[in-house]
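Only the coordinates and a few stated rules stand behind these numbers; no lab work does. Quantities reported herein were computed from a predicted structural model and do not represent experimental measurements. Methodologically, a virtual Cβ is constructed for each residue, glycine included, from the backbone with ideal geometry; neighbour enumeration extends over all protein chains shown.
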Amino acid sequence: MNDAKQRRILVTGGAGYIGSHACKTLSRAGFTPVTVDNLVYGHQWAVKWGPFIKGDIHDSRLLDRVFRSYSPAAVIHFAAFAYVGESVSDPGKYYQNNVAGTISLLDAMRRNGCPKIVFSSTCATYGNPRKVPISEDHPQQPINPYGRSKFMIEQILKDFHAAYGLRYAALRYFNAAGGDLDGEIGEDHEPETHLIPLVVQAALGLRPFVDVFGSDYPTPDGTAVRDYIHVTDLAEAHVLSLQHLLAGGESVCLNLGTGKGHSVREVIRAVEEEAGTKVPVREAPRRAGDPPMLVAEAARAAEQLHWKPRFTDIRYIVRTALQWQRSHAMLMEEATLERQA
Ligand SMILES: NC(=O)c1ccc[n+]([C@@H]2O[C@H](COP(=O)([O-])OP(=O)(O)OC[C@H]3O[C@@H](n4cnc5c(N)ncnc54)[C@H](O)[C@@H]3O)[C@@H](O)[C@H]2O)c1
């Protein structure tokens, strides 16, 4: 395989939050990310580090064209829908996009002789934890269609590995958070449901308040505890997984988290300290299906990939999110004024 081909990587969902950070890290590591994204949720401004093909992973002809034109050495697959609540009210949409879309991608990989994939899985595949921290051997019993769609893909990857020799890394992320360290890209979901951007936006006056769902959990301050992993650390784990597969490594299923948990109130406090302002809060009842605590047992990724998250301080994670929201809000406001002029 020539070197240029070895370095081209097809990134589905590369215009999204985690995908765009992975593209930047790939490019820094000497790879050329080739993004395929239908822009249903992603942003063209976030694709800065390689070719962009606007398209859908269900489109077999488009995928064949991309494989023929770029001959990527592997695929990193972020493209999916990821709103848990919507997956409950409209499961068909989730199984169609996440499961059928992935099968379409895997078939295109087989047709075009590309047998390596890094896949965005999630801690939602574990369901309600029986034991925290959660190790990779914890039973996977997802409690919503989003989690089930990701679990189904993990099972499909296993079957494709056994039958067709596919090599894969299924990376089970905990809560991705923060923004690019240079402030070039960051989190911009519409609608936004993730805690850190919501708290940051409330601190900046971009939303009136942030809801705290449940203050009666069996946790030290009564609010839910999550494991926040900086998006740049996540991106680095993708490059290490890719290098592992390209070097002929075995398929792996790995948690990506820090192993540390932070409560909702701790996150709010960190944002208040970083922003120097009080965050308006509205107390609300628990949401169905929100476990009290989700924290990763993160040793396996350290052992198998030599990956160690670097940005684990919650104040630092929040600072990068705040910096991004500030500059991004200003740019968006300028763009609106330009359009109105
Ligand atoms: N953000 C998190 O905390 C988190 C946690 C666990 C797992 N994940 C998974 O990581 C991945 C990326 O998450 P994100 O937060 O960056 O989401 P995102 O919505 O920002 O990115 C997903 C991208 O995929 C694109 N896309 C969706 N369906 C597509 C299709 N059929 N064809 C082409 N493009 C399509 C969207 O336009 C978007 O740009 C998702 O698979 C998600 O399930 C995210």
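Given only helices, namely DSSP H runs of n ≥ 4 each adding -39500 (n - 2.57), what is the per-residue ellipticity at 222 nm of the chain, to the nearest 500 deg cm²/dmol? Mind dumping the intermediate values first?
Working: 12 runs with 140 residues, N = 341.
Calculated from helices alone, the mean residue ellipticity at 222 nm is -12500 deg cm²/dmol.
Please tell me the relative contact order of region 111-175 in percent, rounded to the nearest whole number, where contacts are Cα pairs under 8 Å and at least six residues apart. Before the final figure, lay out the partial values.
Details: 77 pairs, mean separation 31.0, N = 65.
Normalised by residue count, the contact order of region 111-175 is 48 percent.
At 0.36 nm per residue, and after removing the present C-alpha to C-alpha distance, how many nm does the segment from Arg326 to Tyr164 gain when stretched out fully? Before the final figure, lay out each step's value.
Details: separation 162, 0.36 × 162 = 58.32 nm, distance 4.77 nm.
That works out to 53.6 nm of additional length.
Got a sec? How would Tyr173, Tyr95 order by Cβ neighbour count within 10 Å, fewest to most? Spell out each step's value before the answer.
On the way: Tyr173 21, Tyr95 17.
If I rank by nearby Cβ atoms, fewest first, I get Tyr95, Tyr173.
With the Cα gyration tensor of region 1-71 giving a ≥ b ≥ c as the square roots of its eigenvalues, does the rule (a/c under 1.5 for rounded; else a/b larger than b/c for prolate; else oblate) give rounded, prolate or oblate? If you can, show how the numbers build up before the last one.
Values: a/c = 2.56, a/b = 1.09, b/c = 2.34.
Taking the square roots of the gyration eigenvalues as a ≥ b ≥ c, region 1-71 is oblate.
Which entries in Lys131/Lys158; Lys54/Lys260; Lys93/Lys116; Lys93/Lys158 show an alpha-carbon gap greater than 28 Å? Can you show the working numbers first?
Working: Lys131/Lys158 25 Å; Lys54/Lys260 38 Å; Lys93/Lys116 26 Å; Lys93/Lys158 24 Å.
Over 28 Å Cα-Cα: Lys54/Lys260.
What does the charge add up to near Leu171, with Lys and Arg as +1, Asp and Glu as -1, over the other residues with Cβ less than 12 Å from its Cβ?
Working: positive: Lys150, Arg172, Arg300; negative: Glu136, Glu154, Asp233, Glu236.
Once all neighbours under 12 Å are counted, the net charge is -1.
Report the FRET efficiency, 1/(1 + (r/R0)^6), for Asp313 and Arg61, where r is their Cβ-Cβ distance and R0 is 45 Å, rounded to 0.05. List each step's numbers first, then the result.
On the way: r = 47 Å, r/R0 = 1.04.
Calculated value: 0.45.
Over what distance in Å are the Cα centres of region 23-90 and region 135-187 separated?
Here the two parts' Cα centres lie 16 Å apart.
Would you order Ser121, Ser20 from fewest to most other beta-carbon atoms within 10 Å of each residue's own beta-carbon? Before the final figure, lay out each step's value.
Values: Ser121 25, Ser20 31.
So the residues, fewest neighbours to most, are Ser121, Ser20.
Over the chain, what is the mean sequence separation of C-alpha contacts under 8 Å (at least six apart), divided by residue count, expressed as relative contact order in percent?
Numbers: 672 pairs, mean separation 62.0, N = 341.
Here the relative contact order equals 18 percent.
What ranking do Arg65, Arg7, Arg172 get, fewest neighbouring Cβ atoms within 10 angstrom at the top?
On the way: Arg65 14, Arg7 17, Arg172 26.
Arranged by neighbour count, lowest to highest, Arg65, Arg7, Arg172 become Arg65, Arg7, Arg172.
Check cross-link reach from Lys48 to the lysines: straight Cα distance under 21 Å, and skip same-chain residues fewer than eight apart.
Lys5, Lys24
Could you give the dipole magnitude of the chain about its Cα centre, charging the beta-carbon of Lys and Arg +1 and that of Asp and Glu -1, in debye to the nearest 20? Present the calculation step by step, with values, prior to reporting the outcome.
Numbers: 37 positive and 38 negative charges, 168 e Å.
Its charge dipole is roughly 800 debye.
What's the ranking of 283-295, 67-79 by average number of surrounding C-beta atoms within 10 Å, highest first? Let's see the in-between values first.
Details: 283-295: 14.6, 67-79: 21.7.
Output ranking for 283-295, 67-79: 67-79, 283-295.
Only four residue types carry charge here, +1 at the Cβ of Lys and Arg and -1 at the Cβ of Asp and Glu. Report the dipole size of region 144-234 about the Cα centre in Debye, rounded to the nearest 20. Intermediate results must be reported in sequence, preceding the final value.
Working: 7 positive and 14 negative charges, 112 e Å.
That gives a dipole near 540 debye.
Which shape class, rounded, prolate or oblate, goes with region 222-307 when its Cα gyration tensor gives a ≥ b ≥ c as root eigenvalues, a/c under 1.5 marks rounded, and past that a/b bigger than b/c marks prolate? Intermediate results must be reported in sequence, preceding the final value.
Values: a/c = 3.46, a/b = 2.10, b/c = 1.65.
Cα axes put region 222-307 in the prolate bin.
Classify region 1-158 as rounded, prolate or oblate from the Cα gyration tensor: take a ≥ b ≥ c as the square roots of its eigenvalues, call it rounded if a/c is under 1.5, otherwise prolate when a/b beats b/c and oblate if not.
prolate
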